[in-house]
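Handing you a structure now.
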Amino acid sequence: MSETIFSKIIHGDIPCHKIYEDDLVLSFLDVSPLSEGHTLVIPKQPARTLDEVDEPTAAALGRALVKVSRAVKKVTGCDAYNVLQNNEAAAHQAVFHVHFHIIPKPNPREGLGISWPSRSLDQSGAKEFAQKLAAAVY
């Protein structure tokens, strides 16, 4: 995987405002926050997308997300927040190293704004598609 700003932060080449760290995960304040307390949680493992992360790292990310989310809520006083993770440019990933955003939502004007153009599930093929997905889980 090519070097990214996050790999430079992990190696200490670029400073960050660290929130949490263990052997597998690092968390720090986002330098372009959507609201106060906007925090990133990243694996130390070099992985471009979430599906490339190994299982021990995935478990460590899950634990860190819970711990850091609790801290963000406590310190910001925001009960509402988003956890966002994007994979590849078409899905709005800008830094090609897995990362999760924890974004407090203090009011309607701050934090993450979302457009959710939902549609109805095509019931005619849903059962077969779900079975294919279930068979592909490993």
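Bear in mind these aren't lab numbers, they're just calculated from the coordinates by the rules spelled out. Predicted, not measured: the structure shown is a model, and the values here were computed from it. Every residue, glycine as well, gets a Cβ built from its backbone with ideal geometry; the counts of neighbours run over all protein chains shown.
Measuring from centroid to centroid over Cα atoms, what is the spacing of segment 87-137 and segment 52-71 in Å?
18
Per residue of the chain, what 222 nm ellipticity follows from adding -39500 (n - 2.57) for every DSSP H run with n ≥ 4, rounded to the nearest 500? It would help to have the intermediate numbers written out before the result.
Details: 3 runs with 42 residues, N = 138.
After summing the helix terms and dividing by residue count, I get -10000 deg cm²/dmol.
What range in the chain is the longest one free of GluC sites (Glu not before Pro) that are in a loop by DSSP and have at most 12 other Cβ atoms within 10 angstrom?
4-87
Rounded to the nearest 10 degrees, what's the angle between the helix 55-76 long axis and the longest principal axis of the chain, both from Cα atoms, 0 to 90?
The answer is roughly 60 degrees.
Which is the longest stretch in the chain that no exposed loop site breaks, taking sites as trypsin sites (Lys or Arg not before Pro) with a DSSP loop state and at most 14 other Cβ atoms within 10 Å?
Details: sites that count: Arg109, Arg119.
Excluding the exposed sites themselves, the longest stretch runs over 1-108.
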